[in-house]
1. Given a Förster distance of 41 angstrom, what is the FRET efficiency for ALA160 paired with ALA87, based on the Cβ-Cβ distance and rounded to 0.05?
2. Quick one: length gained pulling ASP108 to ASP176 fully straight, 0.36 nm per residue minus the C-alpha distance?
3. Enumerate the calculated ³J(HN,Hα) couplings along region 135-143 in order (Karplus 6.51 cos²θ - 1.76 cosθ + 1.60, θ = phi - 60°), each rounded to whole Hz, writing x wherever the residue is Gly or Pro.
4. Can you give me the accessible area per residue for region 132-211, using a 1.4 Å probe, in Å²?
5. Work out the FRET efficiency for VAL142 and ASN94 from their Cβ-Cβ distance, taking R0 = 41 Å, and round it to the nearest 0.05.
6. Once ligands and nucleic acids are excluded and a 1.4 Å probe is used, how much of ILE88 is accessible, expressed in Å² to the nearest 10?
7. Let me cross-check CYS196: its accessible surface, 1.4 Å probe, with only protein heavy atoms counted, in Å² to the nearest 10?
8. Per the 1.4 Å probe, what fraction of the accessible area of region 110-171, in percent, lies on carbon and sulfur atoms?
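The values are calculated or read from the model by the stated rules, or taken from the named source; none is laboratory data. Remember, it's a predicted structure, so these values are computed and weren't measured experimentally. Here the Cβ positions follow ideal geometry from the backbone for every residue, glycine too, while neighbour counts run over all protein chains shown. The protein model used for the area step is the full one, side chains on, heavy atoms only, and it has no ligands, DNA or RNA in it. Shrake-Rupley method; radii C 1.70, N 1.55, O 1.52, S 1.80 Å.
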Amino acid sequence: MSARTSVIGVLVSCSALLLAGCDDATVVDRPSPSVTVTTANATVGAATPSLTAPAGPDVETASKAPTPLPESTPPALWNPCGLSDAAISAAGLNTASKTKLDNPGVPDSRSCRWQNNARTVELTIVSSPDTLADLQAGGKYVQFTPVTLGGRQAVAYRAAQDTHHLGCYVTTFTGDGSVAFVAKTLRVQQDGFDSCADARTFGAALAGQLP
C-alpha cells in the first residue's frame, strides 16, 4: 500500500560591502650638495585597493531541497510456493504436480497449486493481503461459515458463481493478510464429494507451516 513533499527553495542575497581607501603620500626631495638623484620613468602615487568581503553566512546561496523520507514498505507476504516437499507430501499432495501461479488481477498475492496423489482434487494455496471484510465485500463469495484449521480460526465459503459446489475456500488470517486453501474436485463423476471437507483436510495438515 504515498505523500509527495513540495519544497519551495528560498534564495537569500545581499550586496557585499566594498571598502576603499588610500593614504596621502608625500615625496620629499632633499638633494645633497654633491649628489644628484635622477628618477627615470618612475611614477609615485598611492594605490587604491579593491577589497571584497569574504564569503560568509550573508553571501548569496541556493537552497537545497531536503531528501524526501523513504515510503514505508509493507511486509512481504508469506509465499506458499516455499512449502517443503516433505510438508506437501505429508499432507497427501503430489510434490511433482506443483505449479506456481501468476495472478495478474491480484498483483500482491502469492499462489501455488498441487494435486492429490489420486489426481481427484487440486489444492491451490493463496497468500494475499485480503481481510475478512475484503472477502465479504462485493458479493463475489457466499455462504461464509466459521471453521478451524489445526487450532487456528478460519472461515469457509464458496464462489457465488459456483452453483455446482465444485470448489471451496477455507481461509485463515495472519498478521500480513490471509492464506486461503482452495480445493476443487477433478472427479469426472461429481457425486459424493465435499470440496469444503477436502479444503479443511489439506488446510489442517499444513496449518503448522503458516506464519
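1. Working: r = 32 Å, r/R0 = 0.78.
Rounded to the nearest 0.05, the efficiency is 0.80.
2. On the way: separation 68, 0.36 × 68 = 24.48 nm, distance 1.13 nm.
That works out to 23.3 nm of additional length.
3. 5, 7, 7, x, x, 6, 10, 9, 6
4. Working: 4170 Å² over 80 residues.
Here the per-residue accessible area is 52 Å².
5. Numbers: r = 31 Å, r/R0 = 0.75.
With R0 = 41 Å, the Cβ-Cβ based efficiency is 0.85.
6. Looks like 0 Å² after rounding.
7. Accessible area, nearest 10 Å²: 20 Å².
8. Numbers: 1540 of 3140 Å².
So the carbon and sulfur contribution to the accessible surface is 49 percent.
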